[in-house]
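Notes for the one structure printed next.
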């Protein structure tokens, strides 16, 4: 569907996913992405897109917010002009962009956390869904990925990308066995050389366990997961443009599987190889049982 080597998407993470991480993931065979709110002005966005296109001709994607708080029309035009062919919509009606994206040969997926959201997105004409499970960093729902992926597949009939709790090839294999057409990994890519994250943030990813992750709606108004110590004593989120967000560290429960800082490309390739090994080993195991 997207012309990529591996069915792995680098999560478009606020204040973390910029040019370097996007390029590294795409060059490794996955799909590099970034969220448009990372760039405060249209000129900043165009400059970033220009740099990415100078350094890779591989497919890239963006997360576009359609809430009306951002100049999404101008952002969309800039992205299409730069050859962006994959969009994940958030906080708004995907119908606003579908026709223009399809005319350019691109695809539109929607982040969803429930069947209700999935059915609405399907009826609005999206090409697929991103099933964001409870273990995800950032915004997520209350349903485990293992439940949400097959639920959405059966009830919507759309391709589904699994998100939440996926940091390894083994976890990727589990998602693929459920019928997911691909996976999104985010928390794992925070602990990379290319991520725009403070050293303390990256180290906290390595040192944290699942019990160190808290989910709350007090910061953004929606359920989101954070490293507990980074939001201790904070009762509400700062202004969207505030630098304080860089001191509040989003992460999912898959911190359990993260032990070191690595190049992003190495992580993508390792996930793909380990996924294949796991699927082959599992098939051999059950063939022997039968």
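Throughout, read-outs are computed from the coordinates displayed, never taken from laboratory work. All values reported here derive from a predicted model rather than from experimental measurement. All Cβ positions, glycine included, derive from the backbone under ideal geometry; neighbour counts span all protein chains shown.
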query: Relative contact order (percent) for the chain, with alpha-carbon contacts under 8 angstrom and 6 or more residues of separation?
result: 17
- prompt: Does a label point 7 Å from the Cα of residue 199, set along Cα-to-beta-carbon, have any residues of segment 252-290 with amide nitrogen under 20 Å, and which are they?
  reply: 259-264
message: Can you tell me what share of the DSSP beta bridges in the chain is antiparallel? A percent to the nearest 5 is fine.
response: 20
Inter-label distance, nm, simple model (7 Å from Cα along the C-beta direction), residue 220/residue 142: 1.8
query: With a ≥ b ≥ c the root eigenvalues of the C-alpha gyration tensor of segment 8-289, is it rounded (a/c under 1.5), prolate (a/b larger than b/c) or oblate?
result: rounded
query: For the chain, what is the calculated [θ] at 222 nm in deg cm²/dmol (nearest 500), taking -39500 (n - 2.57) for each run of four or more DSSP H residues and dividing by its residue count?
result: -11500 deg cm²/dmol
message: Please compute the modelled spin-label separation between residue 69 and residue 273, points set 7 Å along Cα→Cβ, answer in nm with one decimal.
response: 4.1
query: Highest mean first, what order results for 13-23, 54-64 on Cβ atoms within 10 Å?
result: 13-23, 54-64
- request: For segment 171-290, just say rounded, prolate or oblate: build the C-alpha gyration tensor, square-root its eigenvalues into a ≥ b ≥ c, call rounded for a/c under 1.5, and beyond that prolate if a/b exceeds b/c, oblate if not.
  value: prolate
message: Which of rounded, prolate or oblate describes segment 164-222 when judged by the alpha-carbon gyration tensor and an a/c cut-off of 1.5?
response: oblate
field: Relative contact order of segment 85-206, defined on C-alpha pairs under 8 angstrom at six or more residues apart (%)
entry: 17
